[in-house]
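Bear in mind these aren't lab numbers, they're just calculated from the coordinates by the rules spelled out. Values in this document were obtained by computation on a predicted structure and should not be read as measured data. Cβ: placed from backbone, ideal geometry, glycine included. Neighbour counts: every protein chain shown.
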Amino acid sequence: MDSGAADKVMLGLKLPTDPRWVALVESNISEVLTDHAWCEQKAASNAISTIVRYPELTDLVEALTLIAQEEMEHFGMVVEKIKARGWTLGHERKDPYIHDLAAFIKKGGSREEQLVDRLLLAAMIEARSCERFRMLSERIEDPDLQTFYHELMVSEAQHYTTFIGFARQYGGRVDVDGRWKAFLAHEAEVIQRYGKKETMHG
């Protein structure tokens, strides 16, 4: 998937990131890279926990196994970027954006509804991450990070497509597309509070 295809994936997001966020990133790259590394670790953990909850869905298990492996590979790649710059990986950061996104998830509900919401949450995180990676690949002045984030943007777009696809496949009686539209509206409200800190979602 090239950047043009990735851009099409992003059309669902209602509110773009303020370009001034890139200047915040450039003001504290060591902090952003540490935050980014832990985002990758959390994405891998989320894929694994979904496997644990839905082991009977063999094709989902196989796809999420690959995603978990890729996310941990990305974690390692970010750590290498940190080391190459003479820094060390900092402690895990909290991610208030994810916390606020998760407020949309219904409590209880059927097993199908729980799976759909879990997959849509993962898809939303991938979509916003992809959008921010694209912005970094186009606007950050560091040539090494431009290339790095372009490559990761492509991967995040593929993960987004996977999560959306499985939500539709296993949604059953759930109106997945309607639920996704409502989630996009929620994310637009959430993201207005972010883009003001030198973190990947902050």
Could you give the length gained by full extension between residue 73 and residue 56, i.e. 0.36 nm per residue of separation minus their alpha carbon distance, to one decimal place? 3.5 nm
Given charges at beta-carbon only (K, R positive; D, E negative), |dipole| of the chain in Debye: 700 debye
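Using 0.36 nm per residue of separation minus the Cα-Cα distance, give me the extension gain between residue 110 and residue 193 in nm, one decimal. Walk me through the intermediate numbers first.
On the way: separation 83, 0.36 × 83 = 29.88 nm, distance 3.14 nm.
That pair, residue 110 and residue 193, stretches by 26.7 nm at full extension.
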Treating the chain as a set of equal point scatterers at the Cα positions, no solvent, please give the Debye-formula log₁₀ I(q)/I(0) at q = 0.12, 0.18 Å⁻¹. -0.58, -1.33
Karplus 3J(HN,Hα) series, Hz, for the range 194-199 with 6.51 cos²θ - 1.76 cosθ + 1.60 (x for Gly, Pro): 10, x, 10, 9, 7, 10
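Under the definition of Cα pairs under 8 Å and six or more residues apart, what whole-number percent is the relative contact order of the range 39-189?
About 21 percent, as a whole number.
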Charges only on Cβ, +1 for Lys and Arg, -1 for Asp and Glu: so what's the dipole of the range 53-141 about the Cα centre, in debye to the nearest 20? 440 debye
Could you derive backbone 3J(HN,Hα) for the range 15-25 from the dihedral phi with the Karplus parameters 6.51, -1.76 and 1.60 (θ = phi - 60°), listing whole Hz in sequence and x where the residue is Gly or Pro? 9, x, 5, 5, x, 5, 4, 4, 5, 5, 4
Which order do 33, 120 fall in if you start with the one that has the fewest other Cβ atoms within 10 Å? 33, 120
Residue span residue 85 to residue 161: 0.36 nm per residue of separation minus Cα-Cα distance leaves a gain in nm of 24.1 nm
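Past 29 Å, Cα to Cα, is the threshold; run 42/106; 81/106; 14/106; 42/196; 83/106; 107/181 against it and keep the listed order.
Numbers: 42/106 21 Å; 81/106 38 Å; 14/106 21 Å; 42/196 22 Å; 83/106 41 Å; 107/181 19 Å.
Long pairs (Cα-Cα over 29 Å): 81/106; 83/106.
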For the range 68-134: Kirkwood Rh in Å [reciprocal of mean 1/r, alpha carbons]: 14.4 Å
